[in-house]
Amino acid sequence: MNTFVIALRATLVTLILTGVVYPLVVTGLAQVVFPHQANGSIVTDDKGREVGSELIGQAFADAAYVRSRPSNSGYDATNSGGTNLGTTSKKLRDGQPDDPATKDTDESFTGARQLAAAFRADNGLADGVEIPADAVSRSASGLDPHVSPDNARLQAGRIAKARGVTVERVEAVIAAYSEGRELGFLGEPRVNVLAVNLALDRQFGRPAQLARSATMAP
């Protein structure tokens, strides 16, 4: 009986310490020291509306924006994940179309070659222009919020044309929002897609506003 009481007491104390006290302390400290990160690194626009997170990528279809890297899940945060295909995979390189003999659409896969061709066509690039790897490859999570500075700069011409400004002005915004390696040697230079797109809107106006201005112009 004494052994049972001791075990029960130890269980209750451990439960309170690890299940109540510790989470409350850690959560409280996080809210005080790192409130932005603790609450999901949420980003708001100039009107205070929540438009996304610094940590989770999203798709941008409008030509006036920097577009994110390919996603294996369509940027669905509830279904994240990579392709698990190795760099020598023929499917990763050449893709795989649907088999007309079956109704299984899961067989369809866009390969790096098709993605590179689409990227060049979308941004008005010549066939010989070298494409950054992140423009034709999916991240391990499928939710990467960043692209490389080279990727973003290659999109500057399309963005400038859609916004009616010079390429140099778009490149200046991209450069201002380009981040270097952490501590000078960790990771790779990068551009947060959501942050730079919000900056483009602040600098040049939202695409809908640009369209209205063009319509009203004499």
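The values are calculated or read from the model by the stated rules, or taken from the named source; none is laboratory data. Not measured: the values here are computed from a predicted model. FYI the Cβ positions are ideal-geometry reconstructions off the backbone, even for glycines, and counts take in every protein chain you see.
Report yes if some residue within the stretch 4-14 is under 22 Å from the mean Cα position of the chain (by Cα) and among the aliphatic types (A, V, I, L, M); otherwise report no.
So far as the stretch 4-14 goes, no, none of its residues is under 22 Å from the mean Cα position of the chain (by Cα) and among the aliphatic types (A, V, I, L, M).
Looking at the stretch 58-78, is at least one residue in the same structural domain as Gly142 (by TED's automatic domain parsing), more than 30 Å from Val170 (Cβ to Cβ), at pLDDT below 90 and not charged (D, E, K, R)?
The answer is yes; a qualifying residue exists.
Return the residue satisfying two criteria in turn: it lies in the stretch 87-97 and is loosely packed, with under 12 Cβ neighbours inside 10 Å and modelled with pLDDT of 85 or more, and of such residues it is farthest from Gln114 (Cα to Cα).
Thr88
Name the residue that is farthest from Ala140 (Cα to Cα), counting only residues in the stretch 28-61 that are out of contact with any Asp or Glu (no Cβ under 7 Å at 6 or more places or on another chain), surrounded by 13 or more Cβ atoms within 10 Å (Cβ to Cβ) and touching a residue at least 60 places away in the same chain (Cβ under 8 Å).
Per the criteria, the residue is Asp45.
Identify the residue in the stretch 138-148 that is surrounded by 21 or more Cβ atoms within 10 Å (Cβ to Cβ) and not charged (D, E, K, R) and, among all such residues, is nearest to the chain's Cα centre (by Cα).
This residue is Pro145.
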